[in-house]
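First the structure, in the form of structure tokens, and then the observations on it.
The values are calculated or read from the model by the stated rules, or taken from the named source; none is laboratory data. The structure presented is a predicted model; accordingly, all values stated were derived computationally and were not measured. Every residue, glycine among them, receives a Cβ derived from its backbone with ideal geometry; neighbour counts consider all protein chains shown.
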Amino acid sequence: MASSKILVVEDEGIVAIGLQHKLQRLGYQVPQVVASGEQAIDIARAEHPDLVLMDIWLEGAIDGTEAAYQIYTKLGIPVIYITAYTGEEVLDRAKLANPFGYLVKPIRDSELNATIKMALYKHQAERKKLSQPTVDTRSPTRLQVEDLIWEADLGKLPETVQQILRWFPQVLYVHATSPYCRVIRDARENIVLEFRMPLHELDHYFTNVAFLRVHRSYLVNPQQVLCIHRKSNSCYELWIKDQEQLVTIPVGRSYLSSLRQLHPHWFQVKSQ
């Protein structure tokens, strides 16, 4: 593992250079040091390093947490956070990107090396596990975040749902595909997280924060809805626009009456 390639993402120049020198002394390759989340995603996609060291607080449109989320979920590259902040809110938000470690500045060489080795080992073990058939024995009160398990009892679910929507307000809908309920954030069907529980048990926690049940398998965020389109005499679908892409969600007939009462304008908009 000592020859692993590591991408450093740090917007403080002196800290970035210091990290690069430390990693090289430890025997790691450091082909790139970048200062923004956007650069980190581009370089990770082009170079595909074995691991990314990511500062949480970065200037620009994409902060370290969002960059880490995209790098891990889209590219499968593990991320270790580096930061000077240890507040609970920072740590809670950081968890959603599934970091493989967390280093607080100033970073000692021994701590840096140990955290990297453990992260690489954990990532290798998870990839091996995912390549093998397994029997899922998880309880229905566990919550899965991008192939990693976050233990959560039912009493904490209201807080969990509120945190998800606070950090990812653009969430479009929740889709039930047994045995999971997947929280979808965009038209590319990127998953924020998965609940291993049926939708009828999860429904309450999302409708309490204004989501609507529109089908036996779907909850939607009404703030993202364009209109309800009538495909035929007995078939309706709900249209959601994510940037320039259109997402369609089926609407169950048993939900039409309540939707007409709550949002009559959805039925009046002419779809194009």
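Details
- So Leu202, is it part of a helix (DSSP H, G or I), among the aliphatic types (A, V, I, L, M), more than 30 Å from Glu66 (Cα to Cα) and outside the structural domain of Thr73 (by TED's automatic domain parsing): no
- Between Leu212, Leu238, Leu256, Leu219, the distinction of being over 19 Å from Val174 (Cβ atoms), surrounded by 12 or more Cβ atoms within 10 Å (Cβ to Cβ) and either within 32 Å of the chain's Cα centre (by Cα) or among the hydroxyl-bearing types (Ser, Thr, Tyr) (or both) belongs to Leu256 only.
- The listed residue being among the aliphatic types (A, V, I, L, M) and either under 20 Å from Lys74 (Cβ atoms) or not assigned by TED's automatic domain parsing to the domain that holds Ile77 (or both), out of Leu7, Leu23: Leu7
- Members of region 50-63 that are modelled with pLDDT under 90 and not acidic (Asp, Glu): Ile56, Trp57, Leu58, Gly60, Ala61, Ile62
- Region 177-209, subset within 15 Å of Gln163 (Cβ to Cβ) and either among the polar types (S, T, N, Q) or under 14 Å from the mean Cα position of the chain (by Cα) (or both), residue modelled with the highest pLDDT: Val183
- Set side by side, the residues Glu38, Glu66, Glu47, Glu10 differ, and just one is modelled with pLDDT under 90 and among the acidic types (Asp, Glu), which is Glu66.
- Cβ-Cβ under 9 Å pairs, at least 6 apart or on other chains, region 253-265 side assigned by TED's automatic domain parsing to the domain that holds Cys227, far side modelled with pLDDT under 90 and in a loop (DSSP other than H, G, I, E, B): Arg253/Ser234
- Within region 209-227, residues that are free of Cβ contacts under 8 Å to residues at least 60 places away in the same chain reach partners that are among the hydroxyl-bearing types (Ser, Thr, Tyr) and part of a strand (DSSP E or B) with beta carbons closer than 6 Å, at six or more positions or on different chains, in the pairs Tyr218/Tyr173; Val220/Tyr173.
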